[in-house]
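To start, the structure under review is shown below, and the notes come after it.
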Amino acid sequence: MGIFKKLKWFFKKEKKRYILGITFLALTSFANLVPPRVLGLMADQLDKGHISWMEYGMLILAVLAAAIVLYILRYFWRKQIWGGAAELERQMRSKLFKHFMKMDRTFYQKHRTGDLMAHATNDVSAIQNVAGDGVLTLVDSLMMGLSTMIAMIIFVDVRLTVVALLPLPFLAWGAQKLGNRLHDAFNDSQAAFSRLNNKTQESVSGIKVLKTFGQGKEDTAAFDRMINETIKINRRVFIWDSLFDPLGTIIIGLTYTITIIYGGLLVTNHVLSIGQLVSFIAYIGNMVWPMFAIGYLFNILERGSASYDRVQKLLDEKPLITDEHADDSITAKDIDGDLKYDIKSFAYPDEKDIPVLQNINFTLLKGQTLGLVGRVGSGKTTIIQLLLREFDDYDGVITLNGHDIREIPLNVLLRQISYVPQNNYLFSTSIQRNISFAEAGAEQDQVIEAAKKSDLHSDILQMPRSYQTLVGENGVSLSGGQKQRMAIARALLKHSQILIMDDALSAVDAKTETAILKSLKKERQGKTTLIAAHRLTSVMNADLILVLKDGKIVERGNHEQLLAADGWYAEMWRRQELEVGEKDE
């Protein structure tokens, strides 16, 4: 019953709904007592051999009236209790989704997508069942069981009632033991479902890679092994679950046996009438559901409890990046200025002994462009991640117009940054909606202008439905270069103070790159731009270029200064120029 305690916050909020539902459910249980009593009276009258058609008709009408009342009462309790279950599901899903939106990078490194989806679907459904089937089963079984026992005592015989219900304590004891086993088994089952869900999501998302490398059979075999493992784990749930019904059947069988033997003796000794015994047997029929309900109830509650624990464990996790130290008085205008980095050291949270940035110091004036270059793993993306506040735990400070970015509210800071990452994500909707993602109210001509600036407009016009063409999941129908240019168009439409391009031109050819950079230079006048790239032509016009190696700045200056220094930058420039020349030939 611990799950009801865990959901106390919800039942307290929805108490009016559940009080009404339980009231109608209780009335339903009392109305269920009418048919057995009527059957007993009818049997007594028939046994005595004198019952008029009028009396017979009245008894039939009483049964029909009880059926109509039961129909109406069931409608109202279902409306209240099932409505409450649907409301709990809505609140839990909403709470989880808001939590996902609030959590930061480390959370998504720790939890896989398929696992999070399983929590938001399968686990929430199990919790919802507690507020629906769980409440119904608990209240209905208690009400029907108690009211039936009272009717047995009042209308039949207290001795027969006590003797017939002697097996019930064994049912309660057995249900508790099986329930504990079921909780552990279902917890393992849900975890296995999460793993299977994640495997499915990864395989479908990576279907191109699987086919390209010819790994379809191997991945299918791995999936089959995971299914077999999941079935094996679920078999434990089915085993413990399947033991509930036989337990109830045995107890009910014992109750009928006792009733027939002992009740028959009481009728023989003229202590009970034949009609009373018929009523008692009918009342036992009413007790069948409460007895079976005990197993069903434990099943629902243990499943719901295990799922609630899994969901709550997620909800208890706190984001590392918060507005705890933010100054709410800071506005967008307050941070429109110079960008300054003064980072002594930074290491990732899970590898705190290994610094990935050291002594990163530079100032970028408002309206200037910064170029970040260096080998893979040199720290380019990490510098960008700190500005985006994906990590806050570093030794040093980053300021915008003199304000520490950790003191700027996240919604203020991030609204002033447009970001084009290395791996662009597109939504499975139209091209227009993808470009206008950050500016939902953008007009058609604004979207077209942004596409022109990213040299994508002509490509879009050649597509089947132009700007209304659906791109598929994550832009599956587009080339790598088209994805990058669409992401750039999305960023340019936002007109942010700061534009960050993290190797965002790697999939386009030199001619397209030149066209985009020319548009950027015109578009970004008076606005700050950061460009991280492997191809040096992407940063050659930057006001300041930083060459990074092992998380440190080893060279700095503009294009001409770095060529004159004849270091790594100059060497890479000559190599790339040579490669371009060879391609032209």
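Summed over the range 368-416, residues that are open to solvent by 10 Å² or more (accessible area, probe 1.4 Å), of a type in the set (A, V, I, L, M) and within 21 Å of Ile531 (Cβ to Cβ) total 3. Examine the range 392-409 for a residue that is charged (D, E, K, R) and in a loop (DSSP other than H, G, I, E, B), and state whether such a residue exists. Checked the range 392-409: at least one residue is charged (D, E, K, R) and in a loop (DSSP other than H, G, I, E, B). Checking every residue in the range 515-531 against the condition of being of a type in the set (Ser, Thr, Tyr), more than 21 Å from Glu443 (Cα to Cα) and at pLDDT below 85 gives zero matches.
Could you check, for the range 537-556, whether at least one of its residues is under 18 Å from Leu493 (Cα atoms) and in a loop (DSSP other than H, G, I, E, B)? The answer is no, given that none of the residues of the range 537-556 is under 18 Å from Leu493 (Cα atoms) and in a loop (DSSP other than H, G, I, E, B).
Taken together, the criteria place Leu116 among residues that are part of a helix (DSSP H, G or I), open to solvent by less than 50 Å² (accessible area, probe 1.4 Å) and farther than 22 Å from Leu73 by Cα.
Please verify whether the range 141-153 includes one or more residues that are under 15 Å from the mean Cα position of the chain (by Cα) and open to solvent by 10 Å² or more (accessible area, probe 1.4 Å). No, every residue in the range 141-153 fails to be under 15 Å from the mean Cα position of the chain (by Cα) and open to solvent by 10 Å² or more (accessible area, probe 1.4 Å). Can we say Arg90 is open to solvent by 90 Å² or more (accessible area, probe 1.4 Å) and either modelled with pLDDT of 70 or more or among the basic types (Lys, Arg) (or both)? Yes. Of the candidates Ala515, Ala504, Ala533, Ala542, the single residue that is in contact (Cβ under 8 Å) with a residue 24 or more places away in the chain, more than 30 Å from Lys333 (Cβ to Cβ) and buried (at least 21 other Cβ atoms within 10 Å of the Cβ) is Ala533. Taking each residue of the range 331-343 that is under 16 Å from Asp392 (Cβ atoms) and looking for partners that are modelled with pLDDT of 90 or more and open to solvent by 50 Å² or more (accessible area, probe 1.4 Å) with beta-carbon atoms closer than 7 Å, six or more apart or interchain, yields Tyr341/Asn361; Asp342/Asn361.
Annotation: Val356 fulfils all but one of (1) in contact with a Lys or Arg (Cβ under 8 Å, 6 or more places away or on another chain); (2) of a type in the set (A, V, I, L, M); (3) over 23 Å from Ala491 (Cβ atoms); the unmet one is (1).
Taking the conditions exactly as written (open to solvent by 50 Å² or more (accessible area, probe 1.4 Å), modelled with pLDDT under 85 and closer than 25 Å to Glu302 by Cα), does Arg78 satisfy them or not?
Numbers: open to solvent by 50 Å² or more (accessible area, probe 1.4 Å): yes; modelled with pLDDT under 85: yes; closer than 25 Å to Glu302 by Cα: yes.
For Arg78, the condition - open to solvent by 50 Å² or more (accessible area, probe 1.4 Å), modelled with pLDDT under 85 and closer than 25 Å to Glu302 by Cα - is met.
Here Arg303 passes the criteria (1) part of a helix (DSSP H, G or I); (2) charged (D, E, K, R); (3) loosely packed, with under 15 Cβ neighbours inside 10 Å except the one numbered (3). Within the range 422-441, one or more residues are closer than 25 Å to Pro355 by Cα and not basic (Lys, Arg). If you check Val547, Val580, Val554 for being in contact with a helix residue (DSSP H, G or I) (Cβ under 9 Å, 6 or more places away or on another chain), modelled with pLDDT of 90 or more and loosely packed, with under 15 Cβ neighbours inside 10 Å, only one passes: Val554. Scan the range 441-466 for residues that are touching a helix residue (DSSP H, G or I) at 6+ places or on another chain (Cβ under 8 Å), open to solvent by 10 Å² or more (accessible area, probe 1.4 Å) and of a type in the set (Ser, Thr, Tyr) and the total you get is 1.
Each row is one residue, and each column tells you yes or no for (1) open to solvent by less than 50 Å² (accessible area, probe 1.4 Å); (2) among the β-branched types (Val, Ile, Thr); (3) closer than 24 Å to Ser273 by Cα; (4) at pLDDT 75 or above.
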| residue | (1), (2), (3), (4) |
| --- | --- |
| Phe4 | yes, no, no, yes |
| Ala26 | yes, no, no, yes |
| Phe30 | no, no, yes, no |
| Leu41 | no, no, yes, no |
| Tyr56 | no, no, yes, no |
| Ala62 | yes, no, yes, no |
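When Asn129 is tested against (1) farther than 24 Å from Arg303 by Cα; (2) open to solvent by 10 Å² or more (accessible area, probe 1.4 Å); (3) part of a helix (DSSP H, G or I), only condition (1) is not met.
Based on what the data block shows, is Asn474 on the phi > 0 side of the Ramachandran plot and open to solvent by 10 Å² or more (accessible area, probe 1.4 Å)? Considered against the rule, which asks whether it is on the phi > 0 side of the Ramachandran plot and open to solvent by 10 Å² or more (accessible area, probe 1.4 Å), Asn474 comes out as yes.
Just for the range 195-230: of the residues that are among the hydroxyl-bearing types (Ser, Thr, Tyr), at pLDDT 75 or above and surrounded by 13 or more Cβ atoms within 10 Å (Cβ to Cβ), which one is farthest from the chain's Cα centre (by Cα)?
Pass one, the range 195-230, residues among the hydroxyl-bearing types (Ser, Thr, Tyr): 200, 203, 205, 212, 220, 230.
Filter once more, so that each one left must be at pLDDT 75 or above: 200, 203, 220, 230.
Filter again for surrounded by 13 or more Cβ atoms within 10 Å (Cβ to Cβ), leaving 200, 203, 230.
Numbers: Thr200: 16, Ser203: 19, Thr230: 21 Å.
Looking at residues that are among the hydroxyl-bearing types (Ser, Thr, Tyr), at pLDDT 75 or above and surrounded by 13 or more Cβ atoms within 10 Å (Cβ to Cβ), I get Thr230.
Would you check if Glu560 is of a type in the set (Asp, Glu) and surrounded by fewer than 16 Cβ atoms within 10 Å (Cβ to Cβ)? Answer is yes for this residue.
The values are calculated or read from the model by the stated rules, or taken from the named source; none is laboratory data. Source: prediction; values computed, not measured. Note that each Cβ is placed from the backbone with ideal geometry, even for glycine, and that neighbours are counted across all protein chains shown. The area values use the complete protein model at the heavy-atom level, side chains included, leaving out ligands, DNA and RNA. Shrake-Rupley method; radii C 1.70, N 1.55, O 1.52, S 1.80 Å.
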